[in-house]
Amino acid sequence: MHRLLISGLVLLLISACTPQKEHTAPGKNQVYQYATIKALLEGGYDGDMTMGELAQHGDFGIGTFNALDGEMVVLDGTVYQIKTDGLAYEPGTDTKTPFAVLTHFEADTSFALSGEMSYDELLTTLDESVKSRNLFYAIRIDGEFSGLKTRSVPVQTRPYRPLGEVVEAQSIFQLEVTEGSMVGFRFPEYTKEINVPGYHLHYLDDQRKKGGHVLAVKSATAMVSIDYIPNLYLALPENSDFHNLDLTKDREEDLDKVEKLRN
Ligand SMILES: [Zn+2]
């Protein structure tokens, strides 16, 4: 009894004294990820990570913003926020994210791509070019695209609903002919609780004006650059929202609904 009381007290003291830790990491050949896709699917839409802090972990990547306020593209070191008007804004350094994935992009291989292709066919071509399904890849595709369909999600208010419900109100944008860059990652199937398994690409045009989460494409004349990455650094939010989310539910159907175009 006495012993139990003491250990309880010690635990209380430890939790009261534990400071917030900084999310620091060495930089190269690493995917830096903040929070998990599962947390986002459950409605974990507020994080503590600022754009200023995030920028230290990569010059290339994707994600979203607090309250689910749009799609994030990080390209050549600049963060862009594509809101539900389909337009790209540059968020301030104090703007926060609940989910982001970045790397310092260095292409290992690149090849040209040309012709009519559906999004699935484009992804199949990428799959033929990656050396293993079990590593992480950053993917950049620069060029001209036709029939590009992208989307963004509307800013949310509390209490937050799961992403599978929220995405029903997404805005879809059709870009008939556009020049720009697809930016994103391929994650292995075995990481599906942590990130989107397979490809997850966002788009930003060359004018840095339009973009979104890529849903479909009809043709591409483009250069594909692939950076293979053997390290993953996962930083978790230190707030009560994240601490209290139930991350045990099966959200696989929701993930499909969120990531892909429904016919
Ligand atoms: Zn996305």
Legend entry - Surface share of carbon and sulfur [accessible, 1.4 angstrom probe, percent] for the chain: 51 percent
Legend entry - Net charge, Pro154 excluded, C-beta distance under 11 Å - Lys, Arg +1, Asp, Glu -1: -1
Inset, instruction - Sum -39500 (n - 2.57) across every DSSP H segment of at least 4 residues in the chain, then divide by the residue count to get the 222 nm mean residue ellipticity, nearest 500. - result: -5500 deg cm²/dmol
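Ordering Ser181, Ser129 by how much accessible area each has at a 1.4 Å probe, largest first, what is the list?
Output order, biggest surface exposure first: Ser129, Ser181.
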Inset, instruction - For the stretch 30-259, give the magnitude of the charge dipole about the Cα centre (Cβ charges: +1 Lys/Arg, -1 Asp/Glu; no others), in debye to the nearest 20. - result: 120 debye
Inset, instruction - Compute log10 of I(q)/I(0) for the chain with the Debye formula, placing one identical point scatterer on every Cα and leaving out solvent, at q = 0.13 Å⁻¹, to two decimals. - result: -0.80
Inset, instruction - Please report, in debye to the nearest 20, how large the charge dipole of the stretch 159-209 is about its Cα centre when each Lys and Arg carries +1 at its beta carbon and each Asp and Glu carries -1 there. - result: 160 debye
Legend entry - Rounded to the nearest 10 Å², the accessible area of Arg133 at probe 1.4 Å: 130 Å²
Legend entry - Links that overshoot a 21 Å alpha carbon limit, given the list Lys192/Lys260; Lys149/Lys257; Lys149/Lys210; Lys83/Lys249; Lys218/Lys260: Lys83/Lys249
Inset, instruction - Work out how much length Leu135 to Glu121 would gain on full extension: take 0.36 nm times their residue separation and subtract the Cα-Cα distance, in nm to one decimal. - result: 3.0 nm
Inset, instruction - Rounded to the nearest 0.05, what FRET efficiency do Lys260 and Glu106 give with R0 = 30 Å and r taken as the Cβ-Cβ distance? Could you check? - result: 0.55
Inset, instruction - Can you work out the accessible area per residue across the stretch 30-259, with the rest of the protein chains kept in place, probe 1.4 Å, in square angstrom? - result: 41 Å²
Inset, instruction - Take the chain, connect every pair of alpha-carbon atoms lying under 10 Å apart with a spring to form a Gaussian network, then pick out the residue of Leu41, Leu135, Leu204 with the largest mean-square fluctuation. - result: Leu135
Inset, instruction - Towards the positive end of the charge dipole of the stretch 162-216, with charges on Cβ (+1 Lys, Arg; -1 Asp, Glu), say which of His213, Gly184, Val196 has the farthest Cα. - result: Gly184
Inset, instruction - Towards the positive end of the charge dipole of the stretch 30-259, with charges on Cβ (+1 Lys, Arg; -1 Asp, Glu), say which of Tyr80, Val167, Pro230 has the farthest Cα. - result: Val167
Inset, instruction - Using only protein heavy atoms and a 1.4 Å probe, report how much of Ser118 is accessible, in Å² to the nearest 10. - result: 50 Å²
Legend entry - Max mean-square fluctuation residue, GNM over the chain, Cα-Cα springs under 10 Å, options Leu201, Leu163, Leu126: Leu126
Legend entry - Total formal charge among the other residues, if their Cβ is under 15 angstrom from that of Gly70, Lys/Arg +1 and Asp/Glu -1: +1
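The values are calculated or read from the model by the stated rules, or taken from the named source; none is laboratory data. The model shown is predicted, which means the values in this text are computed figures rather than measured ones. Because the Cβ atoms are built from the backbone with ideal geometry, glycine has one as well, and the counts that use them run over all protein chains shown. Only protein heavy atoms, including side chains, enter the accessible area calculation; ligands, DNA and RNA are left aside. Shrake-Rupley method; radii C 1.70, N 1.55, O 1.52, S 1.80 Å.
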